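Right, one structure below, let's go through it.
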Amino acid sequence: RPQTAATRARATAERDGSLWRAVAVSSSGAAAYIHAALFPHHVEEGLLLGAFFLVSALGQAAWAWLMARAVTRELLLVGLGGNLALIALWAVTRTVGLPFGLLPGPEGMGAWDVCCVVWEWAVALACAVGLTGDQRRWGLPLGALGRHALLFLSVSVVVLAVLSLAVSHE
């Protein structure tokens, strides 16, 4: 059946406003911001630690950008596995440290890393929801955010602003 110009225009403008996807994208962006903000502090502690924070920031930002464009099963699995790995590494660094002199003892907890791990949990949970949900909208770009997604995004931006202005990068 032939498509009219109006039907084609609606199809090209269609967006995915899924809450889980908005949470995944904004949380990954927030975690990337934190890793980028903490990069200078950690590069002073060691080149390997600094490189880890830079690679984490770039990876989380790139993943968020890709998720905003379109969703694939592989992308969701990378988001789920990658964030669970970061959470596990965070738990190890807070309980026993890292081997080879990188972090000889447990690292203290601060507002920056607690917020980051919360956002990483949000990404992992959102990916799990995405993997079990409706796949028909995966190919659409992110958009038409509902009020809950906008609220989540707004709170994330406010928390990042407060952290940036009021909490030292420890």
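Below are the figures for this structure:
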read-out: Evaluation of GLU120 against (1) assigned to a helix (DSSP H, G or I); (2) among the acidic types (Asp, Glu); (3) surrounded by fewer than 17 Cβ atoms within 10 Å (Cβ to Cβ) (one fails), failing number; value: (3)
read-out: Identity of the residue in the range 147-170, closer than 17 Å to VAL114 by Cα and loosely packed, with under 12 Cβ neighbours inside 10 Å, that ends up modelled with the highest pLDDT; value: VAL158
read-out: Some residue of the range 68-78 being among the acidic types (Asp, Glu) and more than 30 Å from GLN135 (Cβ to Cβ); value: no
read-out: Flag if GLY81 is on the phi > 0 side of the Ramachandran plot and of a type in the set (Gly, Ala, Ser); value: no
read-out: Number of positions in the range 102-146 that are touching a strand residue (DSSP E or B) at 6+ places or on another chain (Cβ under 9 Å) and farther than 29 Å from SER164 by Cα; value: 5
read-out: Test: residue in the range 63-70 that is under 23 Å from ALA37 (Cα atoms), surrounded by fewer than 17 Cβ atoms within 10 Å (Cβ to Cβ) and without any contact (Cβ under 8 Å) to a residue 40 or more places away in the chain; value: yes
read-out: From the options ALA144, ALA51, residue that is at pLDDT below 95, of a type in the set (A, V, I, L, M), outside any helix (DSSP H, G or I) and surrounded by fewer than 17 Cβ atoms within 10 Å (Cβ to Cβ); value: ALA144
read-out: Qualifying residue in the range 131-139 (condition: among the aromatic types (Phe, Trp, Tyr), surrounded by 13 or more Cβ atoms within 10 Å (Cβ to Cβ) and either at pLDDT 90 or above or closer than 20 Å to LEU48 by Cβ (or both)); value: no
read-out: Residue that is nearest to the chain's Cα centre (by Cα) [pool: residues in the range 104-136 that are over 18 Å from ALA57 (Cβ atoms) and β-branched (Val, Ile, Thr)]; value: VAL129
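The values are calculated or read from the model by the stated rules, or taken from the named source; none is laboratory data. From a predicted model like this one, the values you see are computed outputs, not experimental measurements. We place every Cβ from the backbone using ideal geometry, glycine too, and count neighbours over all the protein chains shown.
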